[in-house]
Amino acid sequence: MTYREYLANEPVIVTAALTGGVHGKEANPNLPETPAEIGAAAADAVAAGAAVVHVHAREDSGERSLSTERFQAIDDAIRDRVDDVIIQHSTGATGVPEARRHHPLRTDPPPEMASLDMGPLNRYQHLTSENTRGLIDSLHAEMVDRNIKPELEVFNDGHLAEVHALLDRRDLADPVYATLIFGGGTVTRARPRNLMNAISNLPEDAIFNTLGFGRHQLPFATLGLLLGGQVRVGLEDNVYYAAGELATSSAQLVDRVTTLAKTLGRPVATPATARDILGL
Amino acid sequence: MTCPRLEYRRAANGREFETARAYCTVADRFVQPLRADICTDRYALDHADHCEIYRRHVAEE
């Protein structure tokens, strides 16, 4: 995917990342945590133009949950409110037994997509989120069994190398779909040149999604639009609409990027169009 | 055993929530849900090993 796709007015798939697994209402009181809140947030985001919702589960205290039952409650709440959307479950977690990382895949029906974190990340001062090759392979195997398309989450260049290594080990259905992530910590530094390098190092014919954390969300979504990619926005990745101004919702962030897409001449993909693009 | 400096509060520092949330009495703030797993020693996490706030607090006591 390149600037050519932008010039060709290829549709853009907008993913709304509604909740996340790191911060919660203490960062932004508008961040949804309960199934009802997430369902309502998904409905608003879809109305604003999102074709995909990226879902994490929480307990009522805001604390993280990986339970199938909690993801089921969220999916049911989303489907009660939304006619059509691609649901993408997160399998990401820190310090969690590997078996539990599979639980988000086991809803009925399964999600159409699920995330696959491509390598380790340092957290705080004394912690690492481990994503071993064995776990990646195990999660991918179950995704294949359940007809779930993986969203490969690429936090840095090492993880991009792991994408190629995964393709050497396993068959991934075309098109390969990778989210290129930019920000601080163990994540690729948020510089436009780094996005262009990452795109050039993707597997041939891969589709990329663009994710910038925090204040990088809007500029990297803009770059993604111009370089023919897909974009992800939402409160999981950024709780602010502008400097010092908390976002009111993920829908507000989706609305801004869909308005920008239309201004730039890229149509916003419906869920049906997104399924065609992603091979779902 | 969870961190002895963890509390669950519905309100603090001028903020209020419907459900009580994890609160660090060392840092005097509500903690991120990711950190709350460390506070509660959930899964393989352990506040004595993984929390820099607790470790610094113990070192200073």
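Need the failing condition index for A:GLN217 against (1) open to solvent by 20 Å² or more (accessible area, probe 1.4 Å); (2) part of a helix (DSSP H, G or I); (3) farther than 18 Å from A:GLU162 by Cβ, just the number.
Exception for A:GLN217: condition (1).
From A:GLU162, A:GLU153, A:GLU130, which residue is of a type outside the set (Lys, Arg) and closer than 16 Å to A:GLY20 by Cα?
The conditions single out A:GLU153.
Out of the residues in the range B:19-41 that are surrounded by fewer than 16 Cβ atoms within 10 Å (Cβ to Cβ) and in contact with a Ser or Thr (Cβ under 9 Å, 6 or more places away or on another chain), state the one that is nearest to the other protein chains (Cβ to nearest Cβ).
Checking each candidate, the answer is B:THR19.
Being at positive phi, out of contact with any strand residue (DSSP E or B) (no Cβ under 6 Å at 6 or more places or on another chain) and open to solvent by 50 Å² or more (accessible area, probe 1.4 Å) narrows it down to one residue among A:GLY244, A:GLY265; which is it?
Being at positive phi, out of contact with any strand residue (DSSP E or B) (no Cβ under 6 Å at 6 or more places or on another chain) and open to solvent by 50 Å² or more (accessible area, probe 1.4 Å) holds for just one of A:GLY244, A:GLY265, which is A:GLY244.
Taking the residues in the range B:42-61 that are aliphatic (A, V, I, L, M) and at the interface with another protein chain (Cβ under 7 Å from one of its Cβ atoms) as candidates, determine which candidate is farthest from A:GLU98 (Cα to Cα).
By that ranking, first place goes to B:LEU45.
From the residues in the range A:48-62 that are open to solvent by less than 10 Å² (accessible area, probe 1.4 Å) and closer than 23 Å to A:GLY95 by Cα, which one is nearest to the other protein chains (Cβ to nearest Cβ)?
A:GLY62
Being surrounded by 20 or more Cβ atoms within 10 Å (Cβ to Cβ) and under 30 Å from B:TYR8 (Cβ atoms) is the filter here; which residues of the range A:71-93 pass it?
A:PHE71, A:ILE74, A:ASP75, A:ALA77, A:ILE78, A:HIS89, A:SER90, A:THR91, A:GLY92, A:ALA93
Within the range A:171-200, can you find the residues that are at pLDDT 95 or above, more than 20 Å from A:ASP237 (Cα to Cα) and exposed (fewer than 15 other Cβ atoms within 10 Å of the Cβ)?
A:ARG193, A:MET196, A:ASN197, A:SER200
Identify all residues within the range A:181-193 that are within 22 Å of A:VAL14 (Cβ to Cβ) and either in contact with an Asp or Glu (Cβ under 9 Å, 6 or more places away or on another chain) or not in a strand (DSSP E or B) (or both); write none if there are none.
Those that are within 22 Å of A:VAL14 (Cβ to Cβ) and either in contact with an Asp or Glu (Cβ under 9 Å, 6 or more places away or on another chain) or not in a strand (DSSP E or B) (or both): A:ILE181, A:GLY183, A:VAL187, A:THR188, A:ALA190, A:PRO192.
Looking at the range B:42-54, which of the residues that are touching a His at 6+ places or on another chain (Cβ under 7 Å) and of a type in the set (D, E, K, R) is least open to solvent (accessible area, probe 1.4 Å)?
Once the filter is applied, the top-ranked residue is B:GLU52.
Please go through the range A:103-114 and pick out each residue that is more than 14 Å from chain B (Cβ to nearest Cβ) and open to solvent by 10 Å² or more (accessible area, probe 1.4 Å).
Correct list: A:ARG106, A:ASP108, A:PRO109, A:PRO110, A:GLU112.
Could you name every one of the strands (runs of 3 or more DSSP E) located completely within the range A:1-112 that has at least 2 residues being touching a helix residue (DSSP H, G or I) at 6+ places or on another chain (Cβ under 8 Å), of a type in the set (Gly, Ala, Ser) and touching a residue at least 40 places away in the same chain (Cβ under 8 Å)?
A:14-17
Taking into account only those residues within the range A:115-152 that are among the aliphatic types (A, V, I, L, M) and open to solvent by 30 Å² or more (accessible area, probe 1.4 Å), which is farthest from B:ARG55 (Cα to Cα)?
Of the range A:115-152, the ones among the aliphatic types (A, V, I, L, M) are A:116, A:118, A:121, A:127, A:135-136, A:139, A:141, A:143-144, A:148, A:152.
If we keep only those that are open to solvent by 30 Å² or more (accessible area, probe 1.4 Å) as well, we get A:141, A:144.
On the way: A:ALA141: 39, A:VAL144: 43 Å.
Among residues in the range A:115-152 that are among the aliphatic types (A, V, I, L, M) and open to solvent by 30 Å² or more (accessible area, probe 1.4 Å), the one farthest from B:ARG55 (Cα to Cα) is A:VAL144.
With respect to A:ARG232, is the statement that it is closer than 30 Å to A:ASN147 by Cβ and in a strand (DSSP E or B) true?
yes
Suppose we keep only residues that are within 12 Å of chain B (Cβ to nearest Cβ) and surrounded by fewer than 24 Cβ atoms within 10 Å (Cβ to Cβ) within the range A:26-47. Which one would you say is farthest from B:CYS24 (Cα to Cα)?
Within the range A:26-47, the match that is farthest from B:CYS24 (Cα to Cα) is A:ALA36.
The values are calculated or read from the model by the stated rules, or taken from the named source; none is laboratory data. Please read all numbers here as calculations on a predicted model, not as lab measurements. Methodologically, a virtual Cβ is constructed for each residue, glycine included, from the backbone with ideal geometry; neighbour enumeration extends over all protein chains shown. Areas reflect the complete protein model, heavy atoms only, side chains present, ligands, DNA and RNA absent. Shrake-Rupley method; radii C 1.70, N 1.55, O 1.52, S 1.80 Å.
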